[in-house]
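Have a look at the structure below before the remarks.
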Amino acid sequence: MPIAGSSKFLAKDVILLGEVAARGAAMLELRCGRCERRGRLSVQRLLAEYGADASVRRAMQAQIGDCPNRDHSQLQSRCDPYCPGLARLFGVTSLPR
Ligand SMILES: [Zn+2]
């Protein structure tokens, strides 16, 4: 599966920062499914930091970096960052996590 490059299509399980920006989103809301951590991220800042070909998931995991559960040895207890507005932005009811 191509991560970077010229794909015009939304890959099944990867959303790129460039695709979010192309849909006009200025901010992404970030939440953790396992703790109270939340925040708002500037899409422009994420683009500058990671590039348009970086996946949103990767950027979120980097941004939630100080969460105490990020590297928990049990997968079920590990931090689970997501963007609640992202599915709506892409016109679907849910996105693969
Ligand atoms: Zn967390």
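For the stretch 69-77, state whether one or more residues are within 18 Å of Glu19 (Cβ to Cβ) and small (Gly, Ala, Ser). Within the stretch 69-77, not a single residue is within 18 Å of Glu19 (Cβ to Cβ) and small (Gly, Ala, Ser).
Residue by residue through the stretch 58-85, note down the ones that are assigned to a helix (DSSP H, G or I) and within 16 Å of the chain's Cα centre (by Cα).
Passing the criteria: Arg58, Ala59, Met60, Gln61, Ala62, Gln63.
So which of Phe90, Phe9 ends up being at pLDDT below 90, touching an Asp or Glu at 6+ places or on another chain (Cβ under 9 Å) and either more than 15 Å from the ligand (Cβ to nearest atom) or not hydrophobic (A, V, I, L, M, F, W, C) (or both)?
Phe90
From Arg45, Arg38, grab the single residue that is within 16 Å of the ligand (Cβ to nearest atom) and more than 12 Å from the chain's Cα centre (by Cα). After applying the criteria, what remains is Arg38.
Here the stretch 48-68 is the region considered, the condition is being touching a Cys at 6+ places or on another chain (Cβ under 7 Å) and over 15 Å from Leu16 (Cα atoms), and the residue that is farthest from the ligand (Cβ to nearest atom) is Ile64. In the stretch 70-97, the residues that are more than 15 Å from Cys32 (Cβ to Cβ) and of a type in the set (Ser, Thr, Tyr) reach residues that are at pLDDT below 85 and not in a loop (DSSP other than H, G, I, E, B) with C-beta atoms within less than 8 angstrom, at least six apart or across chains, in these pairs: Thr93/Ala87; Ser94/Ala87.
The values are calculated or read from the model by the stated rules, or taken from the named source; none is laboratory data. All figures in this text were calculated on a predicted structure; none of them were measured in a lab. Cβ coordinates were reconstructed from backbone atoms using ideal geometry, including for glycine residues, and neighbour counts include every protein chain displayed.
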